[in-house]
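What follows is a set of notes on a single structure, which appears directly below.
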Amino acid sequence: MPRMQVKTLCIALVLSAVCYSLGLASDWPGWRGPHQNGVSDETRLLSNWSLDGDNLIWRSDFVGRSTPIVLNGKVYVVGRTGAKSGMQRVISCYDAKDGTLLWENKENVFHTTVPFTRVGWASLGADPETGNVYYLGVGGMFTAYDGVTGKIVWQHSLVEEFHRFAGYGGRTITPLVDEDLVHISFWTWSAWGEKGPPKPRFCAYDKRTGELVWESYLKTPPRNTNYSNPVISVINGVRTLIGGAPDGAVYALKARTGEQIWKFRLTKAAVQSSVVVDGDKVYAMHGKENLDTESRGRIVCIDANGTGDITETNEVWRYDAVECHYTSPLIHKGRLYAVTNAGDLLAIDAASGEELWTFNLGTVGKGSPVWADDKIFATAVNGRFHIIAPGDGGAESLDAKQIAFDEKRSAEIYSSPAIAYGRVYFTTEEGLYCLGDKAADYKVSSGKMPVLDEPAPDPAAAATRIQIVPAVEWIHADSHIDFKVRTFDGNGRRLPDAKAEFSLQGLQGTLGNGRFTPDAGAGIQAGYVKAKLGELASPARVQVFPGLPLAIDFEGFEADKNPPYWPNASKFMVKEIDGNRVLLKPPSRRGLNRHNLFLAPPDLSNYTIQADMKAVKVKRRSPDMGLISHRYYLDFMTKKKKLQIRTWPAELERLSAEVPFVWNPELWYTMKMRVDIVDGKAVIKGKVWPRDESEPAAWSITAEDPHPNTHGSPGLYGDTSTNVYFDNVKITENN
C-alpha cells in the first residue's frame, strides 16, 4: 500500500475553469512552461541523444542552476561568471536556433550573504506582449530587461527600498507575468510605519513602468526564505494568484488586487515547491515538518472553492511521509508526477491520491519534471538527464545520460528542461544544452500564448474596491508623483476608472488631480496619499528624500520610539543619553543581529557619508558598526580591532581590504566614507578618529573595485551583539 491517507475521495475532477486558445504555444516564457504546469504541446521530440553529437544541436559554455526560458526565437538564462574580483551574476541571451550569443548582462552582487555558487538559482520570467525579460536576484535587484537589446527598462532594489531579507540559501522567486502585472513575493526584516514587523508579502508591479501596483501583506511571521513560484488560474470566475509562502501556507489571492481569498496551512516550514492547478483543484507538496503528524513531507490535493482558512475543510486527499521539498509537480491527463528529495519520480492518480508507480532518477532530486510528446524529461542533481516513457503500470527509460563536470565528478543539474520549437533546452553547471533533430525544420512559434477564460465584468457594476497606484514610492523632494486610481468589482475584475478624492496624511506638499509635489523645505518625510471613492479608500505609502547635503542629529525624533521612516527602522530606536538624542541599534530579541538602515533612495551617487558612533563592550562581547555607501561597507570590527571595506559579505574575494585599528570602548568615534568612480573603477575610502579629536588628513583605509557599484543608498550598519549608538549623520556631495 502506498503511504497515503485518503481523507475525502474526489470521485471526478470538476470541469476546468481554465481553457486555452488554440494558437501555437511553442514558446517557453516561464520556468514551468506556457500552461504553468510543466506541460508542453510540442510533438516529434527526440527520444535519445549523445554527448558526442547525435541530436545535440548546440551547446554553450555556461555555469548555471536556473531553467532557461524561450521566447521569440531566443533562449534566456541566468547564472554566474568570473572569479575572485570578477565574480558576477550574468544573464545571457542566445539565438535558439544555433546558440549564437546575442547579448549578456553582468551585474555585481551585494547586500546578501548568499554565496557565489548559489547565484542565479531562480529563473527568468518573460512577457510575450512586450518581449521584456524579468529577474529577481539574490541581492534583491528586481529588473526588467529589453529582451532584444538587454538594456534595463526599469529596476528596483528591494533590499534598499524594503529591506528584503535574503538568507543564505539563494532562494528567490521567479517573476510571473500576467496581463499588465509581474508578480513576485519576498519577506522583509522590517519597513517603516505599520508595515514594520517582519512579514512575508506578495507584490505586483506594472510590467511596463515598474510601479508597485499592490502588495498583500501577510499576518503570520516567516519561517524561512522560499522560492515557491506562484501560478495564475481562474476559479469560480475569479482570476486567482496561488502560491506557497514563507510562513508555511499556500495562499490564493485575487490576481489584480492582492485581496486574500483563502489560505491552506501546509507545513511548519516555508513552502518551497510551487503548486499546480487543474480545474478547481490545487496540488501542493513539501518536504519538511507536517503540522499534524510526526512524519516529514506531504503531497496534498486542495479543493480551491472556499474562503478564509480552508485547512480543515478543503483537503481532498493527502499522500504522507514523502519529502518533495525542492521540486514542483507536473499534472497531465489526470496524473500528478512529483520528484522526491531522494530522486524518485512518483506517478499519482490526481483524483484519488493513489500511487501508480515509482521511477528512480538519481540520488538527489531538485529539478522539476516536464511532459511533452508523451514523454517525461527530467534531471537529477548528480548530472543525469532522463527521457522517460510513462505508462499505466510503470515507466520505461528511453535514454539516460551522465554529464561530467570534469574527470573527478559529475556536473550539478538543478534546472528543469524548457521545450520549444521542437527542441529541449536545459542548463547545467557544465553548460547550456539544446537537444533535437538536426534535420527537422526549425520554426519559431507565432507568439500566441494560452489565455485564461473568465467572465467579462459588467461595466455598470458598482465598485467594491479601489486601488491607488503606485502603492509605495520613495522620491526626491524636487520631483513629483502622479497617482492613478483603479476600480474593481467583487470578483477582482477591472471596472472603468472613476474620479476619486485625494488627501495627505503626514506629508507636506501640494496635491491636485492626483499629483503630489513635496514641500522642498519640509525635510525628510514619510506618510500617505489617500484616495477615496464613496466609502472605499486606498492608501499609498510615500517617503520623501530632501536631497543633499543632509544632516540628521535625531534631536527632533521622539525618544524611545523607532524612527518614523526608512527601511528597517523598526530595528533601530531613538534614545536620550546625557541630554542628547541618538539612534540605538540594540541586539535582536531573536535571529540575526546584523541589520542596515538605509537613509536615501538607491539611485543616489557621488556622495560622502559620515556619522558618530559608539560601541558598548559587555564582558567579551562587542559589536561591529559602520557605514554603507554605493553598496560598499566600511565596517569597524571592534572585537577584531580592524577596519574592513567589502561589498559582498559572503564572498570577500570579490572585494576586501583590511587595516588594524585599536578600539577604545570608552570613546565615541567619527567614521567617514567616500566613494568616487574614477577611470571605470570605484575608489572607496574610509577614515575613523575619536570624535573629540580633529579629523585626520589621511584616509585610514582605501580599496579599489575594477567592477564598480556606481550608486546605492547611504546607510548605517550594525552587527550588534551589544548596543551601538549613532549620531550626527551627514551626507554630502563629493566635490
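The values are calculated or read from the model by the stated rules, or taken from the named source; none is laboratory data. A quick note: this is a predicted structure, and the numbers were derived from the prediction, not measured. Backbone-built Cβ (ideal geometry, glycine too); neighbour counts: all protein chains shown.
Data overview
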{"quantity": "Checklist (1) in contact (Cβ under 8 Å) with a residue 24 or more places away in the chain; (2) closer than 20 Å to LEU71 by Cβ applied to LYS151, failing item", "calculated": "(1)"}
{"quantity": "Residues within segment 677-720 that are crowded, with 17+ Cβ neighbours inside 10 Å and either on the phi > 0 side of the Ramachandran plot or not hydrophobic (A, V, I, L, M, F, W, C) (or both), tallied", "calculated": "17"}
{"quantity": "Residue in segment 705-722 that is in a strand (DSSP E or B) and over 14 Å from MET625 (Cβ atoms) present", "calculated": "yes"}
{"quantity": "Any pair with Cβ under 6 angstrom, 6 or more apart, that starts in segment 83-100 at a residue that is farther than 20 Å from ILE69 by Cα and ends at one that is in a strand (DSSP E or B) and polar (S, T, N, Q)", "calculated": "GLN88/THR81"}
{"quantity": "Selected residue (only one of TYR433, TYR421, TYR414, TYR425 is hydroxyl-bearing (Ser, Thr, Tyr) and on the phi > 0 side of the Ramachandran plot)", "calculated": "TYR421"}
{"quantity": "Qualifying residues in segment 499-541 (those that are polar (S, T, N, Q) and touching a residue at least 12 places away in the same chain (Cβ under 8 Å)) - the one surrounded by the fewest Cβ atoms within 10 Å (Cβ to Cβ)", "calculated": "GLN505"}
{"quantity": "Subset of segment 81-100 [surrounded by 22 or more Cβ atoms within 10 Å (Cβ to Cβ) and of a type in the set (D, E, K, R)]", "calculated": "ARG89"}
{"quantity": "Segment 575-584: number of residues that are more than 15 Å from LEU599 (Cα to Cα) and touching a Leu at 6+ places or on another chain (Cβ under 9 Å)", "calculated": "2"}
{"quantity": "Pairs where the first residue, in segment 391-413, is exposed (fewer than 12 other Cβ atoms within 10 Å of the Cβ) and the second is among the aliphatic types (A, V, I, L, M), C-beta under 8 Å, 6+ apart", "calculated": "ASP392/LEU356; GLY393/LEU356; GLU396/ILE388; GLU396/ALA389"}
{"quantity": "Count - residues of segment 120-137 that are more than 13 Å from THR174 (Cβ to Cβ) and β-branched (Val, Ile, Thr)", "calculated": "1"}
{"quantity": "Filtered residues of segment 430-449 (kept if surrounded by 17 or more Cβ atoms within 10 Å (Cβ to Cβ), within 20 Å of ASN72 (Cα to Cα) and either touching a His at 6+ places or on another chain (Cβ under 6 Å) or modelled with pLDDT of 90 or more (or both))", "calculated": "LEU432, TYR433, CYS434, LEU435, GLY436, VAL444"}
{"quantity": "So ASP705, is it touching a helix residue (DSSP H, G or I) at 6+ places or on another chain (Cβ under 9 Å) and either at pLDDT 95 or above or not assigned by TED's automatic domain parsing to the domain that holds PHE554 (or both)", "calculated": "yes"}
{"quantity": "Selection count, segment 205-220, where residues are touching a Pro at 6+ places or on another chain (Cβ under 7 Å) and at pLDDT 95 or above", "calculated": "2"}
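Residue-by-condition table, conditions (1) under 25 Å from ARG239 (Cα atoms); (2) modelled with pLDDT of 95 or more:
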| position | (1), (2) |
| --- | --- |
| PRO470 | yes, yes |
| ARG486 | yes, yes |
| ALA498 | yes, no |
| GLU501 | no, yes |
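Condition check ((1) modelled with pLDDT under 95; (2) under 15 Å from the mean Cα position of the chain (by Cα); (3) crowded, with 21+ Cβ neighbours inside 10 Å; (4) not acidic (Asp, Glu)) across all residues:
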| position | (1), (2), (3), (4) |
| --- | --- |
| TYR168 | yes, yes, no, yes |
| VAL182 | no, yes, yes, yes |
| THR188 | yes, yes, yes, yes |
| CYS203 | no, yes, yes, yes |
| VAL238 | no, no, yes, yes |
